[in-house]
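Coordinate-derived values only; no laboratory data. The structure displayed is predicted, hence computed values, not measured ones. Heads up, the Cβs are rebuilt from the backbone with ideal geometry, glycines too, and the neighbour counts pull from every protein chain shown.
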Amino acid sequence: MFRREFFANFAAAGLARPAAAKPNVVLIYADDIGYGDLSCYGAKAVKTPNLDRIAQRGVRFTDAHSSSATCTPSRFSMLTGEYAWRRAGTSVLPGDARLILDPARLTWPAMMKRAGYRTGVVGKWHLGLGAGELDWNREIKPGPLEVGFDSAFLMPATGDRVPCVYVKDRYVVGLDPRDPIRVDYRKPIGEEPTGKKNPELLRMKPSFGHDMAIVNGVSRIGYMTGGKSALWDDEKMAARFAAEAGRFIEESRTEPFFLYFATHDIHVPRLPNKRFTGKTAMGPRGDAIVELDWTVGEILKKLDRLRLTDNTILMFSSDNGPVIDDGYRDDAVAKLGSHRPSGPLRGGKYSNFEAGTRVPLLLSWPARVKPGRVSDALVGQVDFFRSFSRLAGVDLKAGEAPDSQDMMPALLGEQPTGRKWLVEHARALSLRTGPYKLIEANPGPKLIVNSNTELGSATLPQLYDVSSDPGETQDLAAQMPAKVKEMTALLGQVKNGAAPL
Ligand code: NG6
Ligand code: CA
């Protein structure tokens, strides 16, 4: 209260708001965490006390969505405010892909910078790096520094894709120039062992794919040689990212800052630190959730120690839904027990069904947001860009963040409703509006056999009432043709950029 009056008086006196009045923004963006994976979303087989603390302090969302059921398009949409399915080349990228964000366009971090924020990214990138020929041994550009971040400490793509090195700003960390890195996604390089030829060298075996370069006894996607001194240590990755995120917060503490902290947990290969081994009965997938919660705890502690908790908007979400077997034999299926990574929802990562994109979203901001709220508002991560532009007082021009809507009142728990409609993207597009969800016709296999994921494919459009039937068990399309027609028309308008908001 005091705080708000103080700043109101400041404004009334015609003085510029002091920098400290702007809330810091920290987004912890987990990988492949499902709607049912956190104890604050009902999980019993794993405890996530630090995440639960964010929920208790702020708002927990029951109907929040990543833009897509896989990583790259979700991240692209979140950072640009434009649905990735409008742009070619935005699906899951190989580890040697070129940067797919256009440095000439305003991004969420660039907008925050314009508002006076110091901006940083730590963790998984997976949006490509460089332009033209990419040489990992030289300056890597363009990258995060060209699209709005003041500093970056990255894993270039995914934990299961080479090169298995960190990139700080524009350079690979710890590289010895006498041992240059070479990366190839088409053919093996020289006589280096591979997962396919040398399974005896592996400590974690693939269940499908992932049989190329061997790094730290784990075979990956893509071939790589050299860079031995720069290779990451999988078991120390979470601690390294937490330390780098902590360092960014520490260095930025006197100015408003925006940190995009994208964890590797709980993506494959799941190799949490030994101190988390056996913390759940679910094997590495469960233990990686505990490690993720530890990471969150490190950020909470850092903010507390620097007395920044009160005026920091801390958010947590995931880039897509959960997957159990995503290509390694890590006991995830055998040890799952009664745990339901998707909670009450159907499908998971890659799927048109709800669990593909409906993910946990938590937001706390003690200075303003009331604790302990649960919000059923329909919101998308694509909305962060415009919502934060309103909060930061930056006017967006036509064409900037075109799919992003101002959901700040909903995000702060001050308004119970969110979007009128929202698009989910997986194999096909789905439209949510009112209680209904329309999945476009998308013939194809029903299941990814290896990962046992239901894709939600069908030759005809499907219609579900996700408010009374969140598990999408009753297809209403045949019963309600007028609704199918109406929603198909609205989806057509969304595609043309002409849908009423
Ligand atoms: C798939 C990988 C999967 C994972 C995914 C991307 C195989 C067989 N499967 O192609 O393991 O890496 O891509 O995940 O290679 S994401 O979360 O980054 O979208
Ligand atoms: Ca992911």
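Sequentially through segment 344-361, phi angles give Karplus couplings (6.51, -1.76, 1.60; θ = phi - 60°) of x, 8, 9, x, x, 3, 6, 9, 6, 5, 3, 5, x, 10, 7, 10, x, 9 Hz, Gly and Pro residues having no value and appearing as x. Considering only Gln462, His425, Thr473, and ranking their Cα positions along the charge dipole of segment 421-495 that arises from unit charges at the beta-carbon of Lys, Arg, Asp and Glu, the one farthest toward the positive end is His425.
In terms of packing, defined here as the mean over residues of other Cβ atoms within 10 angstrom, the peptides 381-387, 96-102, 360-366, 396-402 line up highest first as 381-387, 360-366, 96-102, 396-402.
In debye, nearest 20, what is the charge dipole magnitude of the chain about its Cα centre with +1 on Lys and Arg Cβ and -1 on Asp and Glu Cβ, if you could check? Before the final figure, lay out each step's value.
Details: 67 positive and 58 negative charges, 145 e Å.
Using only the charged Cβ atoms, the result is roughly 700 debye.
Using a simple spin-label model with pseudo-atoms 7 Å out from Cα toward Cβ, Ala489 and Arg275 lie 6.0 nm apart. Remind me, relative contact order of the chain in percent, using alpha carbon pairs under 8 angstrom and six or more residues apart? Relative contact order of the chain: 22 percent.
For Lys196 and Ser468, calculate 0.36 nm times their separation in residues minus their Cα-Cα distance, and state this gained length in nm to one decimal. Provide the component values of the computation, followed by the final result.
Values: separation 272, 0.36 × 272 = 97.92 nm, distance 4.74 nm.
Answer, rounded to one decimal: 93.2 nm.
Peptides 242-252, 21-31, 61-71 ranked from most to least packed give 61-71, 21-31, 242-252, packing being the mean of other C-beta atoms within 10 angstrom over each peptide's residues.
Answer rounded, prolate or oblate for the chain, using the Cα gyration tensor with square roots of eigenvalues a ≥ b ≥ c: rounded when a/c is under 1.5, else prolate when a/b is larger than b/c, else oblate. Verdict is rounded for the chain.
Kindly give the semi-axes, whole Å and largest first, of the ellipsoid equivalent to segment 84-193, taking each as the square root of 5 times a Cα gyration tensor eigenvalue.
Semi-axis lengths for segment 84-193 are 26, 17, 11 Å.
Going down the list Lys301/Lys370; Lys196/Lys349; Lys141/Lys495; Lys168/Lys397; Lys124/Lys196, which pairs span over 24 Å between their C-alpha atoms? Those over the limit are Lys196/Lys349; Lys141/Lys495; Lys168/Lys397; Lys124/Lys196. Between Lys141 and Asp233, the distance separating the two model label sites (each 7 Å from Cα on the Cα→Cβ line) works out to 3.2 nm. A full extension of the chain between Leu447 and Ala478 corresponds to an added length of 8.9 nm, given 0.36 nm per residue minus the alpha carbon distance. Here segment 55-74 and segment 313-335 have alpha carbon centers that stand 14 Å from each other. Using the Cβ-Cβ distance between Asp376 and Ala498 with R0 = 22 Å, the FRET efficiency computed as 1/(1 + (r/R0)^6) comes to roughly 0.20. By the helix-only formula, in which each DSSP H run with n ≥ 4 contributes -39500 (n - 2.57) and the sum is divided by residues, the chain has a 222 nm mean residue ellipticity of -6500 deg cm²/dmol. For a modelled paramagnetic label at Arg86, 7 Å from Cα along Cα-to-Cβ, the residues of segment 141-166 in reach, with backbone nitrogen under 20 Å, are 147-148.
Could you give the distance between the Cα centres of segment 166-185 and segment 253-301, to the whole Å? Cα centroid to Cα centroid, the span is 25 Å. According to the Kirkwood relation over distinct C-alpha pairs, the hydrodynamic radius of segment 421-495 is 12.6 Å.
Extension gain, Asn216 to Tyr171: 0.36 nm times the residue separation minus the Cα-Cα distance gives 14.0 nm.
Placing unit charges on each Cβ (+1 for Lys and Arg, -1 for Asp and Glu) gives the chain a dipole about its Cα centre, and among Ser318, Phe61, Phe276 the Cα reaching farthest toward its positive end belongs to Phe61. The relative contact order of segment 421-495 comes to 23 percent, based on Cα pairs under 8 Å that sit 6 or more residues apart. Around the Cα centre of segment 421-495, unit charges on the Cβ atoms of Lys, Arg, Asp and Glu (plus for the first two, minus for the last two) sum to a dipole of about 220 debye.
Summarising the label geometry, the points placed 7 Å from Cα in the beta-carbon direction at Arg105 and Tyr185 lie 1.9 nm from one another.
A protection proxy built from the mean count of other Cβ atoms within 10 Å ranks the segments 77-83, 330-336, most packed first, as 77-83, 330-336.
Contact order normalised by length for segment 257-391, with contacts defined as Cα pairs under 8 Å and 6 or more residues apart; what percent is it?
On the way: 140 pairs, mean separation 30.2, N = 135.
Here the relative contact order equals 22 percent.
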